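Report on the following structure.
The values are calculated or read from the model by the stated rules, or taken from the named source; none is laboratory data. Everything numeric here is computed off the predicted structure, so don't read it as measured data. Counting neighbours? That spans all protein chains shown, and the Cβs are built from the backbone with ideal geometry, glycine included. Side chains included, ligands, DNA and RNA excluded: accessible areas come from the protein's heavy atoms. Shrake-Rupley method; radii C 1.70, N 1.55, O 1.52, S 1.80 Å.
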Amino acid sequence: MSIRFDEAARTWHLSGPDLSYVVGLQGGLPRQLHWGPAVPDEAIASLAVEWREAYSWDDRVHTGAELLGELGPQFATPSLQLRHPDGAKGFAWNYADHTVEESAADGDHLAIRFTDRDLALTLHYRLWDTGVLDRWASLEAASPVELSRFDSAAWTLPHWGDYRLSHLSGEWAAEWQLRRVPLPVGETAIGSRRGGTSHQANPWVAVDDGTATETAGTVYSTNLAWSGSWRVLLRRSAQGRVSITGGAGHEGLRWTLREGETWTTPVYSGLFTAEGFGGASRAWHEHLRRHVMPTPEEDAPVLFNSWEAVFFDVAEEKQLPLVKLAARIGCEQFVVDDGWFGKRVNDNAGLGDWWPNPDRFPEGLGPLIDAVHETGMKFGIWVEPEMVNPDSDLYRAHPDWVLHQAGRDRTERRQQLVLDYGRPEVAAWAFAWLDELLSGNDIDYVKWDHNRPWTEVGRPDSADPDRAWFEHVEAVYSIKERLRAKHPNVRIEGCAGGGGRVDPGMLRYVDQVWTSDNTDAGDRVNIQYGFGQAYPARAMDTWITDEPSGFNQRTTSLRFRFHVASAGVLAVGGSLTEWSEAELEEAAEHVAHYKRLRPVVQHGVHYRLGDPETSPLTGVQYVRGDQIAVLAFKTPWHCNRPVAPLRPEGIAADSRWLDEDTGDVHWGATLNVLGLPLRWANADWDSAILRLRRVE
Ligand code: DGJ
């Protein structure tokens, strides 16, 4: 990684393995001159002509802009929208200076500073060894200015004949659906106005020219490190140029930057890769594990979670039999879910009252924690610290602590309201009780949930109420960061009614995330396929639960459910007390088998074999050193849909592979030509796991 500045040409060249990003000043404006394959320094001057010679005047103005502006003939939706007290809008770019901070561990950091009136706007760049380029911006105000949009960065794509957008959308219990659609001329906005990242859309997007495949072709992708409302806007001009602008917040917000204040946007990362969609995913996984997630090198334990086993019927005497059985089948961590505190016997009451329910835990949590630890398992606990039921002591004492607006109804969802963490006293309260919970009990793991979108966001006694959208998210980050610092052995699971708050911002503070409340293994094949586009298996919690599934009444075998759940961080969430001896024994075998696969699945390089949208046969292949694990799934199919065998990726023809379960040895050539020797019947909802080790 290096950053080279050409003083005469005013260009900055960030170069990494096989890639270059070049930003330069043209007519005083910062412009992206190139983002893609590596270019020699000597060629940079010739790259600078592209925007000047663009056929379309509109493209000349908008294409290459590092942030889309609002002065002069700029008509695209701006990345930065501001208004001075005298009514003047926009930012006129006057280059001031730049700095480069070198850091072998963190990638070099380039900051280019511009000034206009009382403002200083800095564009920030950090290119990582993974090929990911982090970009963000900061605005320093010497006198107040009103902001209504401040994106982190705008990106420009190469001039192609066509463009295709890949993105992840869905809803509760159906997150992570990959959509791959032509990008229309005009503006395409995806985002969240819900306060959290959302189940409906994830900030990861990818664009190719319509020809990239899983294994080949150029793909540009971006992801935003922000766990609140957000917007990514892709603009395709009539002449066929595409730019993407993205950042925190949704349109319609206004807030004032105070005198002397600096506003820093979240990081918006971009990735260029020439190895298709699979290559893009692998680079994101590697990046998140190497530079974002807090404990990626640890083996995440197999956990048991009580939610689907008992729902709200949580009590010490009902948990103890589950503890025994969870330990017996090989679980390594026992997590008590919702229902252990206050008057929380259903979702109508008690959120906010964070002390053990004395009817359910007469002597507090201690006896259950001890019982769990005696089995050798770790102990985890569910919390939802950002929410309150109106029927709670907390709300009765502090009705003004929730996000609300004067004279407006407080819309409830799941009978709860959202606490306003932007109020220092609320954030202090949250940190204090969480800290006390962790200090006073031997807790190893916290599942931090967030179960409703925000409505009527505001703070009647504040002159700047829209700040609440940002301040809350920052406070959540800060509380998690401080808890981690004070309780370094505690691990945190991020959850939001399933996978409603997963993004690179949250992954900095949590060790793993709950993928979806939908635990039906059939649906999970698709859900996990989508999740893996952007996020690694080490972050993906995958439970095996009872059948038939409560989501669609589907029945699949224990083996299929375990195999699907073994593709991430395995967890068990079934009513173990109702399982037969035979089921418990089979479960113990699956858990033991998972532990043998775990290092490869959690820390390996991930390849997708087949697309569940188009093929009933799919698999995931993980590669770590000389080991390979393949988890393969067969969904219902018809005789008129011929299917090819699943073939491995990246195996040399002259290599030899030992099947660790059968002892058979296979030539790489045979695997590549004939496909993987999966041991399965020709049945619907069948599955197989293959472990291969390279031999001489
Ligand atoms: C939503 C989560 O996704 C579930 O796993 C469970 O923790 C419930 N909340 C509890 O209310």
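Prolate is the label for the stretch 346-480, because the ratio a/c of its alpha-carbon gyration tensor axes (a ≥ b ≥ c) is 1.5 or higher and a/b is greater than b/c. Once the 1.4 Å probe is applied to the protein heavy atoms, the chain comes out at 37 Å² accessible per residue. Ordering 206-213, 448-455 by mean Cβ neighbour count within 10 Å, with the highest value first, yields 448-455, 206-213. Summarise the accessible area of the stretch 478-637 (1.4 Å probe, protein heavy atoms) by the percent that is carbon and sulfur. Accessible surface attributable to carbon and sulfur in the stretch 478-637 totals 47 percent. Can you classify the chain as rounded, prolate or oblate using the Cα gyration tensor, where a ≥ b ≥ c are the square roots of its eigenvalues, rounded means a/c under 1.5, and otherwise it's prolate if a/b beats b/c and oblate if not? In terms of gyration-tensor shape, oblate. Taking the Cβ of S56 as the center, what net charge do the other residues with Cβ under 15 Å away carry, scoring Lys and Arg +1 and Asp and Glu -1? Neighbour charge sum, excluding S56 itself: +1.
A cut-off under 15 angstrom between Cβ atoms defines the neighbours of A104, and their net charge, with Lys, Arg +1 and Asp, Glu -1, is -3. Based on Cα atoms of the stretch 483-533, Rg over Rh with Rh as the Kirkwood radius reads 1.06.
Seen from all directions on average, the stretch 474-596 presents a Cα convex hull projection of 8.5 nm². Between Q415 and E7, residue separation times 0.36 nm minus the direct Cα-Cα distance comes to 140.8 nm.
Among H404, W382, I369, flag the residue with its Cα farthest along the positive direction of the charge dipole of the stretch 369-416, charges on Cβ as +1 for Lys/Arg and -1 for Asp/Glu. It is H404, whose Cα lies furthest towards the positive end. Taking all protein chains together and rolling a 1.4 Å probe, W307 ends up with roughly 50 Å² accessible. Only helices enter this figure: runs of n ≥ 4 DSSP H residues, each worth -39500 (n - 2.57), summed and divided by the residues of the chain, yield -6000 deg cm²/dmol at 222 nm to the nearest 500.
Label the stretch 1-117 by shape, choosing from rounded, prolate and oblate, from the square roots a ≥ b ≥ c of the eigenvalues of the Cα gyration tensor; if a/c is under 1.5 it is rounded, and otherwise prolate applies when a/b is larger than b/c, oblate when it is not. The shape class here is oblate. The heavy atoms of E363 present about 150 square angstrom of accessible area, all protein chains included, probe 1.4 Å.
Working note: Debye formula, equal point scatterers on the alpha-carbon atoms of the stretch 230-280, no solvent; log10 I(q)/I(0) at q = 0.32 Å⁻¹ is -1.16. About its Cα centre, the stretch 590-696 has a charge dipole of approximately 240 debye under the convention of +1 per Lys or Arg Cβ and -1 per Asp or Glu Cβ, with nothing else charged. Charge dipole of the chain (Cα centre as origin; +1 on each Lys and Arg Cβ, -1 on each Asp and Glu Cβ, all else neutral): 1240 debye, rounded to the nearest 20. Taking a sphere under 15 Å around the Cβ of S237 and counting the other residues whose Cβ falls inside, with K and R at +1 and D and E at -1, yields a net charge of -1. Please work out the Cα center distance from the stretch 469-530 to the stretch 330-359, rounded to the nearest Å. A separation of 19 Å, based on Cα centres. Label-to-label distance, R641 versus D313, with points set 7 angstrom from Cα along the beta-carbon direction: 3.8 nm. For the chain, lysine pairs with C-alpha atoms less than 25 angstrom apart, excluding pairs fewer than eight positions apart on the same chain, total 15.
Inter-part distance, the stretch 100-153 to the stretch 157-216, computed on C-alpha centroids, equals 25 Å.
Round to a whole angstrom and tell me the spacing of the C-alpha centers of the stretch 612-638 and the stretch 540-602. The stretch 612-638 and the stretch 540-602 have Cα centres spaced 17 Å from each other.
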